[in-house]
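Each remark here refers to the structure printed beneath this line.
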Amino acid sequence: MISCAVLLPVRSELGVDYLDTLLISFPPGTSAEAVQSVWSQVERTVNDSQTINAGVCDMDKNELSALYDFAQVRVAYLSIPFSPSPFASLLLH
């Protein structure tokens, strides 16, 4: 679980009062209940002004839709995997 207390040493080490963005990556196969539980903690960090924006990594459309329906604090960022290799020939010409 993410808690506000966990972010304190991170913020202290960085010398900041808050984090601009907190991205969470869930392992493949993480249950919707586990995602909701973690996201509730992320929302707490936003509501406590320890984080400004929150986002997720590598979620598919259905997972993101389920989180969107649940979330009180909306997902601000979605990080997706991207490799330029399929486009290498276009980039080189």
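Quick look at the values:
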read-out	value
Share of Cα-Cα pairs in region 1-77 lying beyond 21 Å, as whole percent	24
From phi via Karplus (6.51, -1.76, 1.60), per-residue ³J(HN,Hα) for region 18-33 in Hz, x at Gly/Pro	8, 9, 5, 9, 10, 9, 10, 10, 9, x, x, x, 5, 5, 4, 5
Long-range amide H partners of L19 with built H, under 5 Å	T51, I52
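Each value in this text was obtained by applying a stated rule to the coordinates, not by laboratory testing. Note that the structure is a prediction, hence the values are computed from the model and not measured.
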